[in-house]
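Each reported figure results from applying straightforward, stated rules to the coordinates on display, with no laboratory input. The structure displayed is predicted, hence computed values, not measured ones. Here Cβ is always computed from backbone atoms with ideal geometry, including for glycine, and neighbour counts include all displayed protein chains.
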Amino acid sequence: MPSADPATERPRPALQLGVLNETELVLTGLDGMLRAHGARVELSVLKSVRPTHGLDLVLVDPFHADEEPHAHVSRVAALGPAKVLVYTWNTRAANRRTLAAAGAHAVIDKAIPGPELIALVEAAGRGERVEPEPATGTIPLSLREAEVLTLLCRGSSNQEIADSLYISINSVKTYVRQTYRKLGVTRRTQAVAWANRHGHPC
């Protein structure tokens with residue numbers, strides 16, 4: 001019986017994925033999504049712009065940087081062979097053509113679910129040009145705004161929201177105003193209708 005080719009039995013190494021200058025919230029979310037898939041994707045945290053040798057891809061939110069987004073992407077892309085994936089809440093402001101010209105391989109919404117993120121990262125790692133579908137109901141809500149919207153859907157009053165989230169009533173009013181503005185609505189009923197239409201958890 002012929003012996004198996006050892007090369008075909010060797011496990012494929014995990015993709016080395018860096019994430020640059022991100023908040024603790026985003027890092028925690030990424031770690032939670034990717035930890036169960038460590039054999040496929042290994043995450044490294046980059047606290048500053050530095051050479052990306054040893055990485056296959058790097059997630060960058062150029063809207064956090066103190067320079068124009070396309071200039072920031074270009075600077076990161078020039079630091080090594082890693083493919084640059086723009087990973088941002090601010091997809092509305094992301095000019096894909098300009099960012100691609102600066103060296104971005106794709107623009108990915110931070111609202112994308114974990115399995116889709118992994119699939120896109122792996123496709124990019126294979127050299128494929130990826131164009132992710134917009135995440136369901138994609139609006140760049142902060143985590144707190146998303147929590148407020150969920151509680152609005154459940155019929156909670158402003159005071160009940162404040163009590164649930166351990167924040168002041170004035171903070172709740174601010175988050176509600178911000179959420180309405182981002183959704184393009186002016187009333188609670190409209191916000192609830194938007195959430196139901198776009199699959200927001202309620």
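Projected label points at E42 and T23, each 7 Å from Cα along the beta carbon direction, are separated by 2.9 nanometres. Across region 146-190, the relative contact order, built from alpha-carbon pairs under 8 Å that are at least six residues apart, equals 36 percent. Cβ crowding within 10 Å ranks V192, V84 as V192, V84, fewest other Cβ atoms first.
Diagonalising the gyration tensor over the Cα atoms of the chain and scaling each eigenvalue by 5 before taking the square root yields semi-axes of 36, 21, 15 Å, largest first.
Taking every DSSP helix (H) stretch of at least 4 residues in the chain, weighting each as -39,500 (n - 2.57) and dividing the sum by the residue count yields a mean residue ellipticity at 222 nm of -12500 deg cm²/dmol. The string of couplings for region 172-186 from the Karplus curve (6.51, -1.76, 1.60, θ = phi - 60°) is 4, 4, 5, 5, 5, 4, 4, 5, 4, 4, 5, 7, x, 10, 10 Hz, one whole number per residue in order, with x for Gly and Pro.
The long axis of helix 24-34 is offset from the longest Cα principal axis of the chain by roughly 60 degrees. With loop membership from DSSP and a limit of 14 other Cβ atoms within 10 Å, the longest segment of the chain without trypsin sites (Lys or Arg not before Pro) is 48-125. For the chain, lysine pairs with C-alpha atoms less than 28 angstrom apart, excluding pairs fewer than eight positions apart on the same chain, total 6.
Rounded to the nearest 20 debye, the dipole magnitude of the chain is 620 debye, with +1 charges on Lys and Arg beta carbons, -1 on Asp and Glu beta carbons, and the Cα centre as origin. A Förster distance of 41 Å, applied to the separation of the beta-carbon atoms of R50 and R154, puts the FRET efficiency at 0.35.
Between C202 and Y166, the distance separating the two model label sites (each 7 Å from Cα on the Cα→Cβ line) works out to 2.8 nm. Residues whose amide H falls under 5 Å from that of Y87, counting only those 5 or more places apart or on a different chain, are V60, D61, I108, with hydrogens built in the peptide plane. Residues C202, C153, ranked from the fewest to the most other C-beta atoms within 10 Å, line up as C202, C153.
Summing charges over all other residues whose Cβ lies under 13 Å from the Cβ of H72, with Lys and Arg as +1 and Asp and Glu as -1, gives -3.
In plain terms, the residue of S168, S156 with the fewest other Cβ atoms within 10 Å comes first and the most crowded comes last, giving S168, S156.
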